[in-house]
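Undergrad: My questions will all concern the structure given below.
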Amino acid sequence: MAMLTVLAAALVTAQGAPVVFNYSSPVTPSECPYSVTLDGNAVPIEKVGAYQGAYYCRFGFTGKLKAEVRVKATAATIFTLKPERFRTNVNEIKKGISFDIGEPGPRVITTVCGSKELWPLIILAEELVNEPDYPLGKMLYVKDYVKGDGPQTANIQRALDDAAAKDGGHLVFGPGVYVTGPLFVKSGTFVHLEAGSVIRASTNPADWPTGQDSRDSRSPGAQTPALINFINCKRGYIKGPGVVDAMGHVLREHDLHINALKIWGCENLFVGNVVLANAGSWTMHILGSKNIRVKGLRIIADWAVGNTDGINPDCSQDVLIEDFFGYCGDDTFAVKTTSRDPNVQGCKNITIKDSTVMTRKTAFKIGTETHKDVSHVTVENCEAINTARGIGIYVRDGGSISNVTYRDVKLDLMEYPGEGSSGSPITADIRKRKGIGKLSGVTFERINAYAEFGSMLKGLDESPIENVTLRNCEFTLGNRSIKLKPVPWFSLSNCKNLRFEDIRLKWDTALRTIWETPIKQEKCESVTLDEVKEIEPAN
């Protein structure tokens, strides 16, 4: 069993001095090119993925820390630390950089050594919280059920069932690695993953039954259970600084597309500060559920493994996601309505806020599957870094999307080879696939974007996009190296009742060969431009 590590014991005992508590495995993989210290004390690093993954370290802390990150390389090295709000006292050091950590939040360091780009290093600096007080008489420990070597599916499932029988039982995964097939959590069960605990998917295909789920969903791998399954649960949670490792990069080789976590047909569930890693399909799928809260969740996936979305609320209502970090091979957040079951409703009252994401696909998306209506979606105080597309709203299957707000969203975008419209801040369109839907009532307020490609609103002759407002937004138009054909800042087609208020466009006149006129309109009605300013950026 892996043991917890308290770093810098002298700091722990010094009154008022910083305290650091490690949440990661104590052993750094030998192939890791990075080393990290906090106030001179080494921090273990973990690896996610096999092809185009990431390294990360995770710890809780108080006070102010001096972080140093170095690489084992002899070539000239360039480091980039994002988000920019965390670039505090950044300095170059030998083979690395140093910076201060004074507040919780995720940091991503991208590194280029010579001509080689390394996997990024993700630093998950968390607010240090006390361990929970478990209720007397309702505590169970998985270690008391584990027997022998090999997958422990039956033993862990028995522990979960015993916890459910207590109607409010708490099941604790202590430090260690627990290899298992799919697990099913019942109503009234509260699952704790302590620091140093890892629930790891068995890579034996025989441990993964298929064709068990009857709910009508068009998601990848919908008929294969997830690693952790909440099905028809009415109360419960999973939380704690441990890890759920779905081993998707291995199981995909057996045509098994495994979600890390499924919440299907549930009510009143909470998902806390776990790490969901290595999904083989959508990492977290919330289908046909109500009153779901997600806080402090961290998702890290291998970018080379397709369809590894982050969180997908699907035909669900009253979902709140906050303080989320996602490093995903596909869309990090996507509201969908995949089900055609007449007993399943659409999506309503979905909120994501105070979150940071990074993806080569779309950061904050609604669609593409829209068999039912989606309404009242809010994305607020969120940021995307090193991401291909910022905001995407796609109507395809006859359902309509309405009453959507994106507010205080920062988009740091870039082109990726092979990714259509990468670098685009806003893309919204209507197409006829399974039916013709509508898109109306969308507000973009205080969007701050660095863009390497244009934005687009494109409706249909028979279904124009209606009632869209952009207010108090700033767009910096950057250079491009892949898509060199000139494009407008905003392309509008088949739109009605659009309003642009207090919009600032920053672009260098030297880039006019790749940027056309700011706004290009086709088949549009009632487009109001109120204070749209072009600004030459300062050198």
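Undergrad: Sort through Trp282, Trp303 and tell me the only one that's on the phi < 0 side of the Ramachandran plot, at pLDDT below 95 and among the aromatic types (Phe, Trp, Tyr).
TA: Going through Trp282, Trp303 in turn, just one is on the phi < 0 side of the Ramachandran plot, at pLDDT below 95 and among the aromatic types (Phe, Trp, Tyr): Trp303.
Undergrad: Let me ask another. Being in contact (Cβ under 8 Å) with a residue 12 or more places away in the chain, surrounded by fewer than 22 Cβ atoms within 10 Å (Cβ to Cβ), more than 29 Å from Gly398 (Cα to Cα) and in contact with a Phe, Trp or Tyr (Cβ under 6 Å, 6 or more places away or on another chain): is that true of Leu505 here?
TA: In short, yes.
Undergrad: Would you mention how many residues in the stretch 147-175 are under 23 Å from Pro209 (Cα atoms), hydrophobic (A, V, I, L, M, F, W, C) and loosely packed, with under 15 Cβ neighbours inside 10 Å?
TA: Going through the stretch 147-175 one residue at a time, the tally reaches 1.
Undergrad: Kindly indicate whether Val198 is crowded, with 17+ Cβ neighbours inside 10 Å, modelled with pLDDT of 95 or more, within 22 Å of His249 (Cβ to Cβ) and not acidic (Asp, Glu).
TA: Yes, satisfied.
Undergrad: What residue, of Ile535, Ile514, is loosely packed, with under 14 Cβ neighbours inside 10 Å, farther than 29 Å from Asp397 by Cβ and not polar (S, T, N, Q)?
TA: Within the list Ile535, Ile514, the selection yields Ile535.
Undergrad: In the stretch 349-360, how many are surrounded by fewer than 24 Cβ atoms within 10 Å (Cβ to Cβ), modelled with pLDDT of 95 or more and either of a type outside the set (S, T, N, Q) or within 27 Å of Ala54 (Cα to Cα) (or both)?
TA: 2
Undergrad: Given the conditions (1) farther than 30 Å from Asp373 by Cβ; (2) among the small types (Gly, Ala, Ser); (3) modelled with pLDDT under 95; (4) surrounded by fewer than 22 Cβ atoms within 10 Å (Cβ to Cβ), report the number of the one that Ser214 does not fulfil.
TA: Of (1) farther than 30 Å from Asp373 by Cβ; (2) among the small types (Gly, Ala, Ser); (3) modelled with pLDDT under 95; (4) surrounded by fewer than 22 Cβ atoms within 10 Å (Cβ to Cβ), only one is false for Ser214: (1).
Undergrad: Please enumerate the residues belonging to the stretch 321-336 that are assigned to a strand (DSSP E or B) and either of a type in the set (A, V, I, L, M, F, W, C) or closer than 17 Å to Ile401 by Cβ (or both).
TA: Those that are assigned to a strand (DSSP E or B) and either of a type in the set (A, V, I, L, M, F, W, C) or closer than 17 Å to Ile401 by Cβ (or both): Ile321, Phe325, Cys328, Phe333, Ala334, Val335, Lys336.
Undergrad: Just name the residue that is farthest from Ala279 (Cα to Cα) out of those in the stretch 44-66 that are surrounded by fewer than 18 Cβ atoms within 10 Å (Cβ to Cβ) and touching a residue at least 60 places away in the same chain (Cβ under 8 Å).
TA: Thr62
Undergrad: Would you check which residues across the stretch 398-423 are within 11 Å of Phe453 (Cα to Cα) and at pLDDT 95 or above and list them?
TA: Hit for the stretch 398-423 is Leu413, nothing else.
Undergrad: Return the residues of the stretch 331-348 that are modelled with pLDDT of 95 or more and among the acidic types (Asp, Glu); say none if nothing qualifies.
TA: Asp331
Undergrad: Which pairs turn up if I take residues in the stretch 153-178 that are on the phi > 0 side of the Ramachandran plot and look for partners that are small (Gly, Ala, Ser) with beta carbon separation below 6 Å, at least 6 apart in sequence or on another chain?
TA: Taking only residues 6 or more apart or on different chains, the pairs are Asp167/Gly188; Gly168/Gly188; Gly176/Ala2.
Undergrad: Please go through (1) more than 25 Å from the chain's Cα centre (by Cα); (2) in a strand (DSSP E or B); (3) more than 25 Å from Gly329 (Cβ to Cβ); (4) among the aliphatic types (A, V, I, L, M) for Ala67 and return the number of the only condition it doesn't satisfy.
TA: Result: Ala67 fails condition (1) only.
Here is a yes/no grid of residues against (1) at pLDDT 90 or above; (2) β-branched (Val, Ile, Thr):
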position: Ile123; (1), (2): yes, yes
position: Glu127; (1), (2): yes, no
position: Leu136; (1), (2): no, no
position: Leu140; (1), (2): yes, no
position: Tyr145; (1), (2): yes, no
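Undergrad: Report, by residue number, each residue of the stretch 337-367 that is over 17 Å from the mean Cα position of the chain (by Cα), assigned to a strand (DSSP E or B) and among the hydroxyl-bearing types (Ser, Thr, Tyr).
TA: Within the stretch 337-367, just Thr337 meets the criteria.
Undergrad: Scan the stretch 286-320 residue by residue and report those that are within 16 Å of Asn259 (Cα to Cα) and either assigned to a strand (DSSP E or B) or not assigned by TED's automatic domain parsing to the domain that holds Asn232 (or both).
TA: Ile286, Leu287, Arg298, Ile299, Ile300, Ile311, Asn312, Pro313, Asp314
The values are calculated or read from the model by the stated rules, or taken from the named source; none is laboratory data. A quick note: this is a predicted structure, and the numbers were derived from the prediction, not measured. Note that we place each Cβ from the backbone using ideal geometry, even for glycine, and neighbour counts take in every protein chain shown.
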